[in-house]
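Novice: Dropping the structure in here first, questions after.
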Amino acid sequence: MSMLGLKLPTDPRWADVASKNLEEILADHAWCEQKAASTAISLIINYPEYTDLTKEMTLLAMEEMSHFKLVHDLMIERGYTLGFHRKDEYVNQLLKFFPKGGSRNTQLIHRLLYAALIEARSCERFKLFSEKLEDEELKVFYRKLMESEAGHYVLFINFARQYGNREEVDKKWEELLVYEAEIMKKFSDGKAVHG
C-alpha cells in the first residue's frame, strides 16, 4: 500500500478483531461514508468559486451517499441496526495537526489534505479487511470499495496541488503523514474503521 504513502501499516490484528465485531464495524463504516458525503458538500458550500472542485465534490457526495446506502442495506439484510453516530477519535486527533486560521486558500489546502489522508487510511483498512474476512460477500464488497477509496485519495491530493504551491503542499503532506503514523500507534482495537 506504499502507493498511498502511509508511514505505518495497520496492525493485521485490527482486521481479526473487526471481523468479530461486524455490526459495530458496519455501523461505523456507514457513518464514515455519510461524513465523507458531508465533507464534499461542505467544500461546495465554502468554496463555490472553485468550479472544478464543486463539480467533482457534487459527484463525490452522491457516490459517498450511495456507499452509505450500500452499507446500510447490507446491515438491514443481516438484521443489524445503524445506531447513533459516534465521534471519530482518529479524525479528531488528525484535525489538530494544522494550525487554525490562515487564508481561505490555506484552509482549503489543509481540508483537502486531511480528506486525502482519511481516504488513504480507509482504503488501506478496507484492503486489509477484504483479505482477512472469511465472509465471501463482505470480502468482495470491501475489495470494490477499496478501489473506489483509492480514487478519492488521488482526487483530493491533486486538488490540493492544483490550488496550492506544489512544493509547499507536498511538504505539508509529508509532515501530515508522519504525524498520522504516530496517531495510528494508538488506534488498532478493531472497533471502528479508523479505530
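Novice: Quick one: Cα centre-to-centre distance for region 51-120 and region 1-32, in angstrom?
Specialist: What the calculation gives is 16 Å, centre to centre.
Novice: Would you work out which of Phe98, Tyr163, Leu4 lies farthest towards the positive end of the dipole of the chain, given +1 charges on the beta-carbon of Lys and Arg and -1 on that of Asp and Glu, about the Cα centre?
Specialist: Farthest towards the positive pole: Phe98.
Novice: Order 168-174, 125-131 from most to least packed using the mean count of other Cβ atoms within 10 Å.
Specialist: Numbers: 168-174: 15.1, 125-131: 20.7.
Taking the mean over residues of other Cβ atoms within 10 Å, the ranking is 125-131, 168-174.
Novice: Moving on to the next point. Averaging sequence separations of C-alpha pairs under 8 Å and six or more residues apart, then dividing by the length of the chain, give the relative contact order as a whole percent. Spell out each step's value before the answer.
Specialist: On the way: 210 pairs, mean separation 68.8, N = 195.
Answer for the chain is 35 percent.
Novice: Here's another thing I want to ask about it. What 222 nm value per residue comes from the helices of the chain, counting each DSSP H run with n ≥ 4 as -39,500 (n - 2.57) and dividing by all residues, nearest 500 deg cm²/dmol?
Specialist: Numbers: 7 runs with 141 residues, N = 195.
Calculated from helices alone, the mean residue ellipticity at 222 nm is -25000 deg cm²/dmol.
Novice: Between His67, His152, His85, find the one with the highest GNM mean-square fluctuation for the chain; connect C-alpha pairs within less than 10 Å.
Specialist: His85
Novice: How many times 2.2 N^0.38 Å is the alpha carbon radius of gyration of the chain?
Specialist: On the way: Rg = 16.4 Å, N = 195, 2.2 N^0.38 = 16.3 Å.
Against the compact-globule rule of thumb, the ratio is 1.00.
Novice: What dipole magnitude, in Debye to the nearest 20, does region 61-195 give about its Cα centre under +1 on Lys/Arg Cβ and -1 on Asp/Glu Cβ? Mind showing how you got there, number by number?
Specialist: Values: 22 positive and 23 negative charges, 104 e Å.
Charge dipole, region 61-195, about its Cα centre: 500 debye, nearest 20.
Novice: May I ask you to derive the FRET efficiency for Lys55 and Lys96 from their Cβ-Cβ distance with R0 = 30 Å, giving the value to the nearest 0.05? Write out the running numbers ahead of the final one.
Specialist: Values: r = 31 Å, r/R0 = 1.03.
With R0 = 30 Å, the Cβ-Cβ based efficiency is 0.45.
Novice: Multiply the residue gap between Glu175 and Ile76 by 0.36 nm, knock off their C-alpha separation, and tell me the result in nm, one decimal place.
Specialist: Working: separation 99, 0.36 × 99 = 35.64 nm, distance 4.07 nm.
My answer for the length gained is 31.6 nm.
Novice: Right, something else. Grab the other residues whose beta carbon is less than 13 angstrom from that of Ala181, score K and R as +1, D and E as -1, and report the net. Write down the numbers at each step before the final one.
Specialist: Working: positive: Lys7, Arg121, Lys185, Lys186; negative: Asp11, Glu124, Glu174, Glu175, Glu180, Glu182.
Every neighbour counted, the sum reads -2.
Novice: Follow-up question, since we're still on this one. Sort Thr106, Thr10 so that the residue with the fewest other Cβ atoms within 10 Å of its own Cβ comes first and the one with the most comes last. Numbers along the way, then the final one.
Specialist: Working: Thr106 15, Thr10 21.
So the ranking, lowest neighbour count to highest, is Thr106, Thr10.
Novice: Among the listed pairs Lys55/Lys132; Lys132/Lys185; Lys144/Lys186; Lys96/Lys186, which have their C-alpha atoms separated by more than 25 angstrom in this model?
Specialist: Violating the 25 Å limit, Cα to Cα: Lys55/Lys132; Lys144/Lys186.
Novice: Residue by residue through region 16-30, which ³J(HN,Hα) values in whole Hz follow from phi under the Karplus form 6.51 cos²θ - 1.76 cosθ + 1.60 (θ = phi - 60°), with glycine and proline marked x?
Specialist: Per-residue couplings from phi come out as 5, 5, 4, 5, 8, 10, 4, 4, 5, 5, 5, 5, 4, 4, 4 Hz.
Novice: In sequence order, what are the phi-derived ³J(HN,Hα) couplings for region 49-55 according to the Karplus relation 6.51 cos²θ - 1.76 cosθ + 1.60 with θ = phi - 60°, rounded to whole Hz, with x for glycine and proline?
Specialist: Here the 3J(HN,Hα) series is 6, 8, 4, 4, 4, 4, 4 Hz.
Novice: Less than 10 Å Cβ to Cβ from Leu22, Lys/Arg counted +1 and Asp/Glu -1: what total charge do the surrounding residues give? Can you show the working numbers first?
Specialist: Values: positive: Lys20, Arg78; negative: Glu23, Glu24, Asp135.
Local charge sum for Leu22: -1.
Novice: Ranking request for peptides 93-104, 40-51: highest mean number of other beta-carbon atoms within 10 Å first, then the rest in descending order. Please report the intermediate quantities before stating the final value.
Specialist: On the way: 93-104: 12.5, 40-51: 15.5.
The most tightly packed comes first, giving 40-51, 93-104.
Novice: Kindly state, to the nearest 0.05, the FRET efficiency for Asn46 paired with Glu147, given R0 = 25 Å and r defined as their beta-carbon distance. Intermediate results must be reported in sequence, preceding the final value.
Specialist: On the way: r = 29 Å, r/R0 = 1.15.
So the FRET efficiency works out to roughly 0.30.
No value in this document is a laboratory result; all are computed from the given coordinates. The structure displayed is predicted, hence computed values, not measured ones. Neighbour counts run over all protein chains shown; Cβ positions are idealised from the backbone, glycine included.
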